[in-house]
Every structure is written in structure tokens, then in C-alpha cells.
Amino acid sequence: MLDENVLEDDEVLLLKTDATNAIEKLIVQHKIPIKPTFRNKLLKLSLQEKSRILSLPLEILIEIINHVSVKDVENLGRSCKMFNTLFTKTFITRVVLPLSEENMEKLGGKNGRYILSLTSSVNIRLWDDRNFERILRNMNLKYLKEIKFVGNNYSIEYGGGLISGYKSIMRNIFLTKKYVRKMDISIDSSTEYYHLMMKLKEMPYLEELCLRSSGLRSQFNETMPQEKTLNQVLNDMLSGLKIKILELKGFTMPWGDYSGKFGLSIISDSIEVL
């Protein structure tokens, strides 16, 4: 045991841990496209003259891109070399966290390329909750379209509910993104998170929603906070929410109902796939 990893006084002995190796093992995306440059300005001007869409100001192009999916953006980028160069210069279509330091630098920071899809399926406590939020704040998520933010972020300390760091990231970052079309997130039955879920109604482009529960609750292990039932959350959230696809995962037991009888009440004018 190294001395620098030990904090000690007369009554308490604390061991400091380093999660670097654990984080490195979680890295699955080993390549971020390098931001290209137009080496031949005459070629760029020539192609712009031949294509009206390439001659559009970047602000107008981004406004068009806001109305299509990430897959559509990727397909458009494959349609010709100039589109590929333009989109790779402007966007990073998909990011899977965690990234290596080298790839984090390629993102360009909060003023770098626009990230369109972001996935995190890790326990954010490996970074410390606040550090993980700082990592996200250092990314350009202004035009984010797809979010997958799941993983083992529940804790018995919070009554089996989501940790405060997860809720903080949802509140301060992901639920503030106007252009999100697809979202896959964890939820719990707390009143605090119930109010966060109501903010989904302020996301006009949202079409696909996947909600995940920890599955911790059972008749003999009521660890989740018993504040809101699943039907309460769904009914109040879906009222005014114009999603087309709704998916529920991990709900092994109903929230707040141990009578032996349980039914889901889902009322929506827009849902096409459940």
C-alpha cells in the first residue's frame, strides 16, 4: 500500500482510490474523426457554385439539419466527398463515453464541433458526479439530437433511487437541449425526478422515449422512494408530450402497488409504437 494513498488521523483511516484503470477498460470508442480543412479553396468555391445547399450559410444549413435524424445526417454525409468534408468539419455524429484524453481533445471543447448523438452507459461515480458533469459541460451539445444516459446510477443511500449527480446532469444539461429527438434515460419514483420528467414537454422535437427503472423494488425489498406511482408519472408526463415511440425497461414490479393487481394506464394521441 502506498503512503500517498492513505489519509490518517487518530481515529479515522481513509484509503484513496484511483479509478483510472477501471475507466480505461470502459472505453469502447477509440476513434473520433479528425476535423478536416478545405485545402483547395478554388475547389470549394467551384463545388459551392454547382450545389445550392453547399452555398448556404452555415446557420441555415444547421437549421435544416435540426429537422432530420442523426442517421439522415450520416447518410447525407456519405452522398458526396464535399458533404462528408463539410459535415465532418462541423459535426461529430456520435460520441460514446468515456473517451480517451486524445479523443476528448479532438472534440474541441465547448466551442468545438457539434455533437449530435451522445451515449453514456457507465456508473458516473467512477469520475465523481461533479467531474462527470464538468466533462459534459466541456462538449458542444447545442444541437444534440440523441441521448442515451443509463448505467448503474442508483443507490441504496438514496432509497434505491437515482444518485443526485445523475439528476443534476439531467436537470442542468440534457433537459435543456431543444433539438433532442430520441432519449433513453433512467428514472425513479421520487417527486424530485417526477418534476424533472415534466420538462420533457418543453422539448418540441422529441419523438422517441425509453424509460428505465432499476428493478430494485419488490414486495419484500421496498428500496425505491414511495412517492409517485408509475401510472402517475406516465399519465402526467404523456399529457402534452407528442412522442411516437415509448419503451419501458426494467420495471419488474409496479411502483407503490403491492395488492397483487396492477395495470398500466397509457393515454396518448401520438404514440404509434409501445
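The values are calculated or read from the model by the stated rules, or taken from the named source; none is laboratory data. Computed from a predicted structure; not experimentally measured. Positions of Cβ are generated from backbone atoms using ideal geometry, with glycine treated the same way; all protein chains shown enter the neighbour counts. Note: accessible area is taken over every heavy atom of the protein model, side chains too, but ligands, DNA and RNA are not part of it. Shrake-Rupley method; radii C 1.70, N 1.55, O 1.52, S 1.80 Å.
Tabulated values for the structure
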| read-out | value |
| --- | --- |
| Scope segment 81-97; condition outside any helix (DSSP H, G or I) and open to solvent by less than 30 Å² (accessible area, probe 1.4 Å); matching residues | Phe91, Ile92, Val95, Leu97 |
| Output for segment 172-215, where each listed residue is farther than 16 Å from Leu230 by Cβ, part of a loop (DSSP other than H, G, I, E, B) and among the hydroxyl-bearing types (Ser, Thr, Tyr) | Tyr179, Tyr205 |
| Leading residue by the ranking (farthest from Gln29 (Cα to Cα)) among those in segment 98-119 that are assigned to a strand (DSSP E or B) and in contact (Cβ under 8 Å) with a residue 40 or more places away in the chain | Tyr114 |
| Test for Arg125: is it outside any loop (DSSP other than H, G, I, E, B), under 14 Å from Leu97 (Cα atoms) and open to solvent by 50 Å² or more (accessible area, probe 1.4 Å) | yes |
| Residues satisfying the stated conditions in segment 154-171, i.e. open to solvent by less than 10 Å² (accessible area, probe 1.4 Å), on the phi < 0 side of the Ramachandran plot and not in a helix (DSSP H, G or I) | Gly161, Leu162, Ile163 |
| Among residues of segment 246-274, those that are over 23 Å from Leu162 (Cβ atoms) and either of a type in the set (Gly, Ala, Ser) or modelled with pLDDT of 85 or more (or both), counted | 12 |
| Complete set of residues in segment 24-80 that are touching an Asp or Glu at 6+ places or on another chain (Cβ under 9 Å) and modelled with pLDDT of 80 or more | Ile32, Ile65, Ser69, Val70 |
